[in-house]
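Okay, structure first, notes after.
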Amino acid sequence: MSVEGAGRLVILSGPSCVGKSPLAKALGRFHPDLSAKLQPIVLYNSRFPRPGERDGEDYHFRAREQIETLRNQDRYVVMDVRGDLQALDLPDLAELLRKGDAFFEGNPFIGRTLQTHPKLQGVNRLSVFLSPLSREEIRFLRNQAQLSLPDLVADVMRRKLGRRAQRQKPYLSLKDLEEIERRAGSAYRELQEAHHFQYVIPNHDGEDSENWEAFYYPLGEARRAFLAVVALLRGEDPMGFERWDEDLLP
């Protein structure tokens with residue numbers, strides 16, 4: 001089956017904790033007109049819900065065994081994401097696109113799949129990647145002989161993930177720490193996907209930053225990233241975006 005429709009497929013991707021979720025929430029608070037036009041894509045996911053997540057709204061949370069069985073059905077695209085299985089329902093996406101714009105906010109591996117899957121060839125897309133580092137920072141860091149860029153990216157995201165986790169629960173279990181390490185360790189591979197996206201927006205204010213909500217209006221780089229996405233949704237030229245070459249990250 002082929003998925004087409006009048007609406008756009010809007011993709012907002014980046015490593016875990018880079019700021020995608022608070023940006024989407026800020027869009028709903030300050031630009032409800034734009035947010036209302038974005039119909040969220042609800043994927044199937046084999047992991048357990050995080051605090052505050054709801055089945056059927058954030059994901060369809062199912063046992064891994066159940067999602068494995070979806071591989072045999074033509075209507076689903078099943079993907080392994082950092083060890084979790086996630087699945088996209090193609091007819092559900094087609095129905096969203098017939099009504100208007102469909103919105104995916106999440107992992108770059110799925111964001112990349114949404115751009116390249118043969119059954120989505122006729123879909124109009126707007127793809128945005130939030131990065132914890134700028135292009136200039138990466139060019140500088142990759143030339144430092146004493147530094148491992150993959151290790152540094154993992155450490156940057158490990159700190160963000162740790163701060164976010166401690167906000168969600170005061171005492172972290174071994175499983176929590178293992179999950180942080182798994183997501184941090186995946187971040188460099190996810191950054192390597194950024195050149196496939198139309199717009200890359202550097203944002204040092206990740207999901208752990210108080211700049212999203214502590215002062216009512218987003219401040220700092222949170223604000224700049226937010227305004228750039230707002231401009232793109234309006235069809236305007238944003239400020240502060242980058243386009244990355246394939247060879248930026250070895």
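What to note about this one:
- Taken as a whole, the range 106-113 holds at least one residue that is free of Cβ contacts under 8 Å to residues at least 60 places away in the same chain and surrounded by fewer than 22 Cβ atoms within 10 Å (Cβ to Cβ).
- Hits in the range 4-15 - residues which are at pLDDT below 95 and farther than 12 Å from residue 39 by Cα: 4, 5, 6
- Verdict on residue 226 being touching a Leu at 6+ places or on another chain (Cβ under 7 Å) and either surrounded by fewer than 19 Cβ atoms within 10 Å (Cβ to Cβ) or assigned to a helix (DSSP H, G or I) (or both): yes
- Among the residues making up the range 166-188, those that are polar (S, T, N, Q) and either surrounded by 14 or more Cβ atoms within 10 Å (Cβ to Cβ) or not in a helix (DSSP H, G or I) (or both) are 173, 186.
- Of the listed requirements (1) in contact with a Phe, Trp or Tyr (Cβ under 8 Å, 6 or more places away or on another chain); (2) at pLDDT 90 or above, residue 79 misses just one: (2).
- Look at the range 63-84: where a residue is farther than 26 Å from residue 187 by Cα and a partner is in a loop (DSSP other than H, G, I, E, B) and hydrophobic (A, V, I, L, M, F, W, C), sitting 6+ places away or on another chain with Cβ atoms under 9 Å, you get 74/1; 75/1.
- Within the set 19, 7, the sole residue that is touching an Asp or Glu at 6+ places or on another chain (Cβ under 8 Å), of a type outside the set (Lys, Arg) and more than 30 Å from residue 188 (Cα to Cα) turns out to be 7.
- In the set (1) out of contact with any helix residue (DSSP H, G or I) (no Cβ under 6 Å at 6 or more places or on another chain); (2) in contact (Cβ under 8 Å) with a residue 24 or more places away in the chain; (3) within 24 Å of residue 101 (Cβ to Cβ); (4) of a type in the set (D, E, K, R), residue 182 fails one condition alone, (3).
- Residue 129 being among the aromatic types (Phe, Trp, Tyr), touching a Ser or Thr at 6+ places or on another chain (Cβ under 7 Å) and part of a strand (DSSP E or B): yes
- Residues of the range 3-42 satisfying the condition of being within 17 Å of the chain's Cα centre (by Cα) and aliphatic (A, V, I, L, M): 9, 10, 11, 12, 18, 23, 24, 26, 27, 38, 41, 42
- Yes/no for residue 31 being surrounded by 14 or more Cβ atoms within 10 Å (Cβ to Cβ), of a type outside the set (A, V, I, L, M, F, W, C) and touching a helix residue (DSSP H, G or I) at 6+ places or on another chain (Cβ under 8 Å): yes
- Selection within the range 34-48: residues that are polar (S, T, N, Q) and farther than 13 Å from residue 100 by Cα. The member of this set that is surrounded by the most Cβ atoms within 10 Å (Cβ to Cβ) is 45.
- Pairs linking a residue in the range 26-47 that is more than 10 Å from residue 59 (Cα to Cα) to a residue that is at pLDDT 95 or above and of a type in the set (Val, Ile, Thr), with Cβ atoms under 8 Å and 6 or more positions apart or on different chains, are 27/229; 27/230; 31/230; 34/230; 38/10.
The values are calculated or read from the model by the stated rules, or taken from the named source; none is laboratory data. In this text the structure is predicted, and so the values were computed from the model without any measurement. In this analysis, Cβ positions are derived from the backbone assuming ideal geometry, glycine residues included, and neighbour counts consider all displayed protein chains.
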